[in-house]
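The values are calculated or read from the model by the stated rules, or taken from the named source; none is laboratory data. Just so you know, these numbers come straight off a predicted model, no measurement behind them. FYI the Cβ positions are ideal-geometry reconstructions off the backbone, even for glycines, and counts take in every protein chain you see. Surface accessibility is based on the protein's heavy atoms, side chains included, excluding ligands, DNA and RNA. Shrake-Rupley method; radii C 1.70, N 1.55, O 1.52, S 1.80 Å.
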Amino acid sequence: MQSAAPTPTEDEIAALIESNADLEGPLLPMLHALQESFGHIPRPAMQMIADRLNITKAELHGVISFYHDFREAPAGKHVLKICRAEACQAMGGNALAEETLAKLGLDWHGTTINGAVTVEPVYCLGLCACGPAAMMDDRCVGRVDRRRMDALLAEAGA
Amino acid sequence: MKVYVPMDSAAKALGAEEVVAALQEAAPEAQVIRTGTRGMIWLEPLVEVEIDGIRHGFGPATPVDAAAILDGSSAKALGPVDDLDWMKRQTRLTFARVGVIDPLSMDDYEAHGGLAGLKRALTMTGQQIVDEVKTSGLRGRGGAGFPTGIKWQTVHDSDAPQKYIVCNADEGDSGTFADRMIMEGDPFTLIEGMAIAGLGVGATKGYVYLRSEYPDAIAVMTRAVEIARAEGVLGENILGSPHSFDMEIRKGAGAYVCGEETSLLNSLEGKRGVVRAKPPLPALEGFLGRPTVVNNVISLATVPVIFEKGAEHHASFGIGKSRGTITLQIAGNVARGGLFETGFGVTLGEVIDDLAGGTATGRPFKAVQVGGPLGAYMPRSKFDAPMGYEEFGAEGGLIGHAGLVVFDDTADMLGMARFAMEFCAVESCGKCTPCRIGAVRGVETIDRIARGDADAVTILTDLCETMTDGSLCALGGFTPYPVMSALTHFPDEFSTTKEAAE
């Protein structure tokens, strides 16, 4: 779950950076660790990572912005990913996504006003034989219809 | 009483956890064993109850079925699972244990043939191991179909202080889930395959680059590596031999293009997942500039059975230059979706009409996209095409990772072509112009066609040629497959006269 944690301290950030620093290719594990702990990559971490790995902040920004997963601001309390890929489209995925976004009054990547849910597109969850598929935080749901989607949203407090 | 319920994410997505809770409540004394999935996704959650040593299936199960399943009176009884048509007709080499064993039990794994391949490989030289893979005829199951043994030979012959085995588990193609299924259902087979690869080429370190969209697979693989290390399958002196091999699970970050091997390597190094120009080949300058074997999950997971049963056994299945088995993933709008492993050579029509049982909606079949978002849309007229790398290629298609996404007659083929271009634009790494700019122009051009501009069809065709010839990797290079196949096989939907008539 991506929770809105309190502002992380420099020590907390430094510990996560250090615990991954000796890996071969340490940057992605570092960014994942920070995001898992804080829900996003906190701004103060940027200079600290750059210093530790001897890369420029520009390079670091390049990496963070390349990947869909990383965010520089916290998401909603829950993240709902709706599959947009072909197998789910074949089972009505587009209509489900459009209806869900319309119901919440959001566009892709938007967060409900109460901060409960951020809706994101995902291109395949590997649930292609039981589409349309969605994922609420780390929980997969298959054959999502209007009823299941409403239940998911209600559970998440959207 | 032994009861088996899958913990595969597809089963969980269809309510397996709720079913387990109901079973445990109904029979607290029953032993519930979690497995992978048998691959019959339309029957998930599939509960299996052991009666006189034979596993009887019940599915698709819901929590209210629990009591009747346990006392054998359920109307969802399917009989012995091994006797089901879907299971009996398969040749399960790579997936032999998936759905059968507890994925995280090394004892179960060994009892079902696990580690036999690694033990045999430990008695062989690196060259003998590479030769065995060459003899087996194994080709890259990720889609490219490059002979695995040749790739291993290049890494084997290179001289470097450190070599690597990198497993490409960035299974981003829609319609494919075989990698996920095996990682969740039989993770030790991948670990064993990577260890054998390490012995073959002289690599002591491996990485699995696993996409972040698969949290369950990440959890199972991570745990499996810990167990394998504790059991001496990984680490120093594996299985008491003088050889060492260890590995780590690395999580991707949501970039489709990182399934391309060179961008995967950049990503693993902590860089933007931008494609590298080849040469140099990753086999010579791969991860951190060292010689690296980059193989797909299914390729590596097939290695143990090749060493367990012998290269000739593997090579005895298939057609032409496509040896061994194809792990078909039947998906989209189908009555029976799931994984079906069989020798190469089965025809497209057999898969869709017979195995898949037609569409889920019951409407007429319209098209099947074979090989993921970069694969061609095939109409019914291609149903005689045999599923082999060269044979299917001759019909204008790509087998790719062997995923098939079926569409019924409501599919909007112009919309699907537009989506292919849109997806390419979203996921392009940006390194080469035909892909980065071409995909955006492709969306615009298809929109022009939709508005009734007849000239735009010629422009789209020309653009696709440029993308095919000029792109650095398969993303830009193969996006024309779905676009042009939709245009070629369903010209009416791109026809301006139809638009005008409406």
Legend entry - Residue order for B:ASP384, A:ASP150, B:ASP186, B:ASP83 - accessible surface, 1.4 angstrom probe, largest first: B:ASP384, B:ASP83, A:ASP150, B:ASP186
Legend entry - Full-stretch length increase - B:SER495, B:PHE146 - with 0.36 nm per residue and alpha-carbon distance subtracted: 121.8 nm
Inset, instruction - May I have the convex hull volume per residue, in Å³, for the Cα set of chain A? - result: 118
Legend entry - the stretch B:106-315: equivalent-ellipsoid semi-axes (sqrt of 5 x gyration tensor eigenvalues, Cα, Å): 23, 20, 16
Inset, instruction - Quantify how much of the Cα-Cα distance distribution of the stretch B:113-214 extends past 17 Å, in percent. - result: 56
Inset, instruction - Choose one answer from A:GLY115, A:GLY131, A:GLY25: the residue with the largest mean-square fluctuation in a GNM of chain A with alpha-carbon springs under 10 Å. - result: A:GLY25
Inset, instruction - Compute the distribution of all C-alpha to C-alpha distances in the stretch B:185-259, in bins of 10 Å from 0, and list the percent of pairs in each, rounded to whole numbers. - result: 20, 49, 25, 5
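Give me the dipole magnitude in Debye, nearest 20, for the stretch B:413-501 about the Cα centre, with unit charges on the beta carbon: positive for Lys and Arg, negative for Asp and Glu.
On the way: 7 positive and 12 negative charges, 45 e Å.
Value, rounded to 20: 220 debye.
Just list whichever of B:LYS119/B:LYS278; B:LYS134/B:LYS163; A:LYS57/A:LYS77; A:LYS77/A:LYS103 have alpha carbons separated by over 30 Å in the model shown. Provide the component values of the computation, followed by the final result.
Numbers: B:LYS119/B:LYS278 36 Å; B:LYS134/B:LYS163 20 Å; A:LYS57/A:LYS77 28 Å; A:LYS77/A:LYS103 18 Å.
Distance filter (> 30 Å) returns B:LYS119/B:LYS278.
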Legend entry - Calculated [θ] (222 nm, deg cm²/dmol) that DSSP helices of n ≥ 4 give over chain B, each run adding -39,500 (n - 2.57): -11500 deg cm²/dmol
Inset, instruction - Would you mind getting the Kirkwood hydrodynamic radius of the stretch B:207-358 from its Cα pairs, rounded to one decimal in Å? - result: 18.4
Inset, instruction - Take the Cα radius of gyration of the stretch B:318-408 and divide it by 2.2 N^0.38 Å, with N its residue count; two decimals is plenty. - result: 0.96
Inset, instruction - With 10 Å bins from zero, work out the P(r) of the stretch A:78-156 over every alpha carbon pair and list the percent per bin. - result: 21, 60, 18, 1
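Length gain on complete extension for the stretch B:GLN162 to B:VAL440, per 0.36 nm per residue less the alpha carbon to alpha carbon distance?
Gain on stretching B:GLN162 to B:VAL440: 95.9 nm.
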Legend entry - Local electrostatic count, A:ALA21, Cβ distance below 14 Å [Lys/Arg +1, Asp/Glu -1]: -3
Inset, instruction - Quick one: give the max-minus-min coordinate of the C-alpha atoms of the protein assembly as shown along each principal axis, largest first, in Å. - result: 73, 66, 57
Legend entry - Cβ-defined net charge surrounding A:MET48, 13 Å radius [Lys, Arg +1; Asp, Glu -1]: -2
Legend entry - Length added when fully stretched, B:THR433-B:ILE51, from 0.36 nm per residue minus Cα-Cα: 131.4 nm
Inset, instruction - Sort A:GLU155, B:GLU192 by accessible area with a 1.4 Å probe, largest first. - result: A:GLU155, B:GLU192
Inset, instruction - Enter the per residue convex hull volume of the stretch B:434-478, computed from alpha-carbon coordinates, in Å³ rounded to the nearest integer. - result: 51
Inset, instruction - For the stretch B:1-112, just the Cα set please: Rg and Dmax, both in angstrom. - result: 13.0, 37
Legend entry - Residue-level accessible surface for B:HIS56, protein heavy atoms, 1.4 Å, Å²: 50
Legend entry - In nm, spacing of pseudo-spin labels at B:GLU18 and B:ARG34 (7 Å Cα→C-beta vector): 1.8
Inset, instruction - With a point put 7 Å past each Cα toward its Cβ, work out how far A:GLU99 is from B:GLU236 in nm, to one decimal. - result: 6.1
Legend entry - Magnitude of the charge dipole, chain B, Cβ model with Lys/Arg +1 and Asp/Glu -1, debye to 20: 1120
Legend entry - Heavy atoms of B:ASP408: accessible area, 1.4 Å probe, square angstrom to 10: 10
Inset, instruction - State the dimensionless ratio Rg/Rh of the stretch B:257-334 (Rg: radius of gyration of Cα atoms; Rh: Kirkwood radius). - result: 1.09
Inset, instruction - Using label points projected 7 Å from each Cα along Cα→Cβ, tell me how many nm separate B:ASP71 and B:MET1, to one decimal. - result: 1.0
Inset, instruction - Just reorder B:CYS432, B:CYS258 by solvent-accessible area, largest first, 1.4 Å probe, all chains present. - result: B:CYS432, B:CYS258
Inset, instruction - Using only the Cα atoms, work out Rg/Rh for the stretch A:25-86, with Rh taken as the Kirkwood radius, to two decimals. - result: 1.02
Inset, instruction - Would you please give the FRET efficiency between A:ASN54 and B:LYS309, computed as 1/(1 + (r/R0)^6) with r the Cβ-Cβ distance and R0 = 41 Å, to the nearest 0.05? - result: 0.25
Inset, instruction - In Å and from the alpha-carbon atoms only, list the Rg and Dmax of the stretch B:110-159. - result: 12.5, 38
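Give, as a single signed number, the net charge of other residues whose beta carbon lies under 12 Å from the beta carbon of B:SER105, with Lys and Arg counted +1 and Asp and Glu -1. List each step's numbers first, then the result.
Values: positive: B:ARG34, B:ARG97, B:ARG223; negative: B:ASP102, B:ASP107, B:ASP108, B:GLU110, B:ASP186, B:GLU231.
Overall, the nearby charge balance is -3.
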Legend entry - Solvent-free Debye scattering, log10 I(q)/I(0), computed from the Cα coordinates of chain B at q = 0.09, 0.12 Å⁻¹: -0.64, -1.10
Inset, instruction - Check the cysteines of the protein assembly as shown one by one and keep only those with no other cysteine Cβ under 4.7 Å from their own. - result: A:CYS124, A:CYS128, A:CYS130, A:CYS140, B:CYS167, B:CYS258, B:CYS424, B:CYS429, B:CYS432, B:CYS435, B:CYS464, B:CYS473
Inset, instruction - For a label point 7 Å from the Cα of A:ALA73 along Cα→C-beta, name the residues of the stretch A:94-138 whose backbone N is under 12 Å from it. - result: A:110-111
